[in-house]
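Peer 1: Dropping the structure in here first, questions after.
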Amino acid sequence: MSVANQAILAFAIVTCLFSHNSRIVASEPIVEGVTRVSLVVDDLDRSLDFYSKVLTFTKTAESEVTGHDLERLSGVFGARIRTAKLTLGTEEIELVEYLSPPGRRIPEDSRSQDRWFQHLAIVVSDMTAAYERLRKFRVEHASSGPQRLPDWNPNAAGIEAFYFRDPDHHTLEIIRFPTGKGLPRWHEPTNRLFLGIDHTAIVVSSTEESLAFYRDMLGMRVTGTSENFGDEQEHLNNVFGARLRITSLRAASGPGVELLEYLTPRDGRMRPMDARPNDLIHWKTHFRAKDEAALHSLAQPLRRNWISPGEVRLSDRETRTAALHAQDDDGHALMIETSAPISTAQGAR
């Protein structure tokens with residue numbers, strides 16, 4: 001794309017952003033896909049052992065990084081990290097251990113309705129067999145047991161789910177979709193038990209405000225809605241009286257993002273004001289931007305939510321990457337990135 005066309009696209013997107021008192025609407029999707037979800041862990045080797053042995057993820061890369069670029073992008077001065085990328089099916093996660101400075105662990109009294117709550121939904125082909133495997137490895141329960149959502153709720157009927165925790169107390173979910181629900185590939189014949197990641201779920205204070213961010217600004221599309229309550233939902237979330245408004249969104253590729261708004265109880269706590277990006281509650285959802293012009297158009301509207309000092313540009317021998325590390329108004333972190341071959345990136349300046 002030429003410099004002139006990039007400028008026109010950026011101007012068109014920015015001029016479609018209303019003032020802070022109005023809904024923000026992008027003229028076209030700024031993000032093309034969700035590429036991965038990152039979790040901060042206390043001990044990378046321990047976490048690799050858990051995700052690979054218990055959940056059958058495959059490690060694809062491991063590295064140790066430090067330096068000025070990392071400090072700017074992570075928002076952590078003096079950062080030195082070990083990272084590992086793992087895949088399950090076609091989805092990817094990233095585990096990040098801060099060797100320096102280490103962050104704080106997840107609060108022991110964390111609850112499913114607290115605003116910092118986020119989980120990964122791992123699709124399984126057989127709920128009974130998956131639950132038995134987790135029991136074999138003595139995995140910590142977050143639900144009382146697997147739950148089948150009731151038939152009276154047409155949008156969720158027949159879905160089976162169970163919450164559990166990894167060694168760092170991160171909440172994970174195994175989920176099985178009945179015929180007619182979920183992506184078609186979750187129903188393809190297979191001998192694998194753990195199939196891939198369907199979505200990451202985040203607790204939000206307001207569905208409408210979160211839609212203004214993820215749908216209207218980033219350009220994700222709503223793919224489903226449901227209002228869930230009753231005995232099964234209470235035992236799944238381990239929250240007495242839980243009644244949730246659930247909204248599913250997807251970009252053109254990658255896992256979805258699911259918004260969880262607790263209609264009752266309304267006592268979920270806000271993300272701690274002193275939370276830092278190296279703390280273990282700092283999940284990060286990575287989005288691929290359409291191009292650098294689209295990424296640039298987000299910088300000013302998100303200014304008050306920056307974690308990195310605006311856009312950060314990184315280069316290696318082959319590619320140039322631009323990234324913005326920010327958070328939504330509930331404190332859920334996201335990394336919006338785009339990259340291009342060095343020759344293309346330089347030619348587009």
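Peer 1: Failed condition for Glu92, given (1) closer than 21 Å to Asp279 by Cβ; (2) touching a residue at least 24 places away in the same chain (Cβ under 8 Å); (3) acidic (Asp, Glu), with all others met?
Peer 2: (1)
Peer 1: Within the range 282-327, which residues are surrounded by fewer than 15 Cβ atoms within 10 Å (Cβ to Cβ) and assigned to a strand (DSSP E or B)?
Peer 2: Matches in the range 282-327: Arg313, Ser315, Thr319.
Peer 1: Okay, moving on. Which ones in the range 133-160 are touching a helix residue (DSSP H, G or I) at 6+ places or on another chain (Cβ under 8 Å), part of a loop (DSSP other than H, G, I, E, B) and surrounded by 14 or more Cβ atoms within 10 Å (Cβ to Cβ)?
Peer 2: Answer for the range 133-160, where residues must be touching a helix residue (DSSP H, G or I) at 6+ places or on another chain (Cβ under 8 Å), part of a loop (DSSP other than H, G, I, E, B) and surrounded by 14 or more Cβ atoms within 10 Å (Cβ to Cβ): Ser143, Pro146, Leu149, Pro150.
Peer 1: Need pairs with beta-carbon distance below 7 Å; first residue among the basic types (Lys, Arg) and within the range 44-65, second assigned to a strand (DSSP E or B) and surrounded by 15 or more Cβ atoms within 10 Å (Cβ to Cβ); sequence gap 6+ or separate chains.
Peer 2: Lys59/Ala84; Lys59/Leu86
Peer 1: Here is a list: Arg215, Arg192, Arg176, Arg185. Which entry is under 16 Å from the mean Cα position of the chain (by Cα) and closer than 24 Å to Glu92 by Cα?
Peer 2: The conditions single out Arg215.
Peer 1: Among the residues of the range 93-148, what is the count of those that are small (Gly, Ala, Ser), over 22 Å from the mean Cα position of the chain (by Cα) and under 21 Å from Thr83 (Cα atoms)?
Peer 2: Total meeting the criteria: 1.
Peer 1: Enumerate the pairs (first residue in the range 160-188 and among the basic types (Lys, Arg); second residue anywhere and in a loop (DSSP other than H, G, I, E, B)) with beta-carbon separation below 7 Å, excluding pairs fewer than 6 apart on the same chain, so at least 6 apart or on different chains.
Peer 2: Short answer, once both residue conditions are applied: Arg165/Ala142; Lys181/Gly158; Lys181/Ile159.
Peer 1: Find all pairs meeting these conditions: Cβ atoms under 9 angstrom apart; at least six residues apart or on different chains; first residue within the range 264-277 and modelled with pLDDT under 95; second residue small (Gly, Ala, Ser) and surrounded by fewer than 12 Cβ atoms within 10 Å (Cβ to Cβ).
Peer 2: So the pair list comes out empty.
Peer 1: Whether any residue in the range 180-199 is touching a strand residue (DSSP E or B) at 6+ places or on another chain (Cβ under 7 Å), in a strand (DSSP E or B) and among the β-branched types (Val, Ile, Thr) is what I want to check.
Peer 2: Among the residues of the range 180-199, at least one is touching a strand residue (DSSP E or B) at 6+ places or on another chain (Cβ under 7 Å), in a strand (DSSP E or B) and among the β-branched types (Val, Ile, Thr), which makes the answer yes.
Peer 1: So in the range 57-75, with the set limited to residues that are under 20 Å from the mean Cα position of the chain (by Cα) and not basic (Lys, Arg), which one is farthest from Val34 (Cα to Cα)?
Peer 2: Within the range 57-75, the match that is farthest from Val34 (Cα to Cα) is Gly75.
Peer 1: Moving on to the next point. What are the residues in the range 222-262 that are surrounded by fewer than 20 Cβ atoms within 10 Å (Cβ to Cβ), in contact with a strand residue (DSSP E or B) (Cβ under 9 Å, 6 or more places away or on another chain), part of a loop (DSSP other than H, G, I, E, B) and not aliphatic (A, V, I, L, M), if any?
Peer 2: Gly230, Asn238, Gly241
The values are calculated or read from the model by the stated rules, or taken from the named source; none is laboratory data. Please read all numbers here as calculations on a predicted model, not as lab measurements. For neighbour counting, all protein chains shown are included, and Cβ atoms are generated from backbone atoms with ideal geometry for every residue, glycine included.
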